[in-house]
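Everything on this sheet refers to the single structure shown next.
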Amino acid sequence: MTRGRIFNLQRFSTQDGPGIRTTVFFKGCPLACRWCHNPEGMRSAPELLTHPARCIGCGACVAVCPRGAAFPAGDGRGLAPGVKECEACGACIEACPTGAREIAGREMGVPELIEAVSRDRVFYEESGGGVTFSGGEPLQQAAFALAGLAACRDEGLHTAIDTCGRVDPGVLEAAADLTDLFLFDLKCVDSDRHLEATGSRSEPILDNLLRLARGRVPIWLRVPLVPGFNDDSAELERMAEFASRLPAVERVQVLPYHRLGRDRRERFGLPLLDADPDPPGLETVEAAKASFERAGLQTRIGG
Ligand code: SF4
Ligand code: SF4
């Protein structure tokens, strides 16, 4: 049976496509964006998360860890010192009396997925919503994602794929046959910049986007607006010009950078933006929106 690994299943989501939705967060991503606010989605393997505010410093986790990798969640060290040694065995989670520790990444099969996302069917029907596969990168777990899309279609559920675009072109094509909407990230056209900030050149992503945009499935482009990365007028014009050549794009969503993910990235020992920028000001956000509108694209701020 096809199984996949997810790290969250968020009900009543209103930011990931039309209507009220359930967003399924797949674990593992081919990119390493330095502003990522979902760091538990970056690695494919299950991993330990800690909640420092819940820790009472009892030391039960330290006592049971077979790898010497556990530290009290509240002692300020987080996971960083032990992250390489931790095997996500779960022993410290069992021992922790306050729920200060959890594993991100659990396996599920397609029937379990369908059972979970079907709970809110009535809300989908009333709001024009459905199910969104996000992550991480959902299409990195291709077999599970495609089987999940097919099962949703059999159930009459509207689906959206939230993709970073750095995926196998054949998988993307197969997904296009099974989904109703793509939420496709457009981060930056300049390939050197893209490589420096995400770990991948932009060309494979832009090629996938061009190909996908010739098809029948509508695309909502998602543009994370990150100060110092893609908020200058030259890059905004490049992105707008590129987006204007994509027939299937229905709308652009400008998503201003926020700092909510930084603490979590630090706790995971993941790379950060060199200088943590302030969120873009209203003027910058409006300028970005205007760039896409000048290119003839329906554009909104936010998801
Ligand atoms: S999950 Fe297992 S290996 Fe990791 S810190 Fe807890 S007890 Fe140690
Ligand atoms: S077992 Fe839980 S509450 Fe106790 S020190 Fe470890 S993380 Fe903190």
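Would you kindly identify the strands (runs of 3 or more DSSP E) lying entirely within the stretch 192-303 that contain at least 3 residues that are at pLDDT 95 or above and farther than 26 Å from ARG21 by Cβ? Steps first, answer last, please.
On the way: elements: 219-225, 249-256, 299-301.
No strands (runs of 3 or more DSSP E) qualify here.
Return the total of residues in the stretch 150-176 being charged (D, E, K, R), over 19 Å from the mean Cα position of the chain (by Cα) and not in a helix (DSSP H, G or I). Outline the logic, then answer.
The first filter runs over the stretch 150-176 and keeps only residues charged (D, E, K, R), leaving 153-155, 162, 166, 168, 173.
With the extra rule that they be over 19 Å from the mean Cα position of the chain (by Cα), the set shrinks to 153-155, 173.
Those left that are additionally not in a helix (DSSP H, G or I): 155.
Here the count works out to 1.
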Item to check | Contacts under 7 angstrom Cβ, first residue in the stretch 144-157 being in the same structural domain as GLU173 (by TED's automatic domain parsing), partner assigned to a helix (DSSP H, G or I) and among the aromatic types (Phe, Trp, Tyr), 6 or more apart | outcome: LEU157/TYR124
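To keep it simple, each residue is scored yes or no on (1) open to solvent by less than 40 Å² (accessible area, probe 1.4 Å); (2) part of a helix (DSSP H, G or I).
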position	(1), (2)
GLY4	yes, no
PHE7	yes, no
GLN10	no, no
LEU31	yes, no
GLU40	yes, yes
ALA53	no, yes
PRO66	no, no
ALA73	yes, no
Next on the checklist: Considering only residues that are open to solvent by 20 Å² or more (accessible area, probe 1.4 Å) and part of a strand (DSSP E or B), which ones fall in the stretch 98-112?
Outcome noted: GLU102, ILE103, ARG106, GLU107
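The values are calculated or read from the model by the stated rules, or taken from the named source; none is laboratory data. Note that this is a predicted model, so its numbers are computed, not measured. No Cβ is skipped: glycine too gets one built from the backbone with ideal geometry, and neighbour counts run over all protein chains shown. Note: areas computed on protein heavy atoms with side chains; ligands, DNA, RNA excluded. Shrake-Rupley method; radii C 1.70, N 1.55, O 1.52, S 1.80 Å.
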